[in-house]
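Everything below concerns the one structure shown next.
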Amino acid sequence: VQLQASGGGLVQAGGSLTLSCAASKRTSSNNGMGWFRQAPGKDREFVATIDWRGGNTDYADSVKGRFTISRDNAKNTLYLQMDSVKPEDTAVYYCAVGRGPTSSRNKVRYAYWGQGTLVTVSS
């Protein structure tokens with residue numbers, strides 16, 4: 001499975017941005033998926049996750065209420081709607097496909113990773 005993340009860029013604090021992640025195979029539609037991010041000098045951290053049907057989602061406390069994860073299995077695409085962004089949201093954002101159908105906050109439960117897309121939030 002190959003993942004292509006897109007939609008990153010420069011946005012002002014308080015603004016919005018939508019990230020997309022296109023998967024090369026329909027396999028991803030049977031698996032949980034997630035978004036993670038990595039800021040300079042920091043470890044990769046969990047952002048949001050969604051199960052294979054899209055019925056169960058989970059978010060890091062730092063983004064809860066501001067970000068929304070969703071998926072379109074017909075298009076093999078994962079999304080992350082980012083609203084009310086803050087400078088501390090600046091990072092490279094990675095999408096990932098899980099090893100099973102459930103959602104998960106744990107990086108080790110993900111088998112495939114995209115190349116990342118940079119989001120920069122200016123103050």
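Taking amide H positions as placed in the peptide plane 1.01 Å from N, state which residues far from S104 in sequence (5 or more) or on other chains have amide H under 5 Å from it.
Result for S104 returns I50.
Whenever you get a sec, compute what percent of the accessible area on the chain sits on carbon and sulfur atoms (1.4 Å probe). Walk me through the numbers before you get to the answer.
On the way: 2830 of 6200 Å².
Using a 1.4 Å probe with all protein chains present, the chain comes out at 46 percent carbon and sulfur.
How large is the accessible surface per residue of region 6-49, computed with a 1.4 Å probe and reported in Å² as a whole number?
For region 6-49, the per-residue accessible area is 48 Å².
Rg and Dmax in Å for the chain, alpha carbons only: what are they?
Values for the chain (Cα only, Rg and Dmax): 13.1, 40 Å.
For K86 and D43, FRET efficiency with R0 = 22 Å and r from the beta-carbon atoms, rounded to 0.05?
Details: r = 19 Å, r/R0 = 0.87.
After rounding to 0.05, the efficiency reads 0.70.
Where in region 38-76 does the amide nitrogen come within less than 13 Å of the point 7 Å from the Cα of R109, taken along Cα to Cβ?
Of the residues in region 38-76, 46-52, 56-60 have backbone N under 13 Å from the label point off R109.
The values are calculated or read from the model by the stated rules, or taken from the named source; none is laboratory data. Please read these numbers as outputs of a predicted model, since none were measured by experiment. Backbone-built Cβ (ideal geometry, glycine too); neighbour counts: all protein chains shown. Accessible surface is based on the protein model in full, side chains and every heavy atom, while ligands, DNA and RNA are left aside. Shrake-Rupley method; radii C 1.70, N 1.55, O 1.52, S 1.80 Å.
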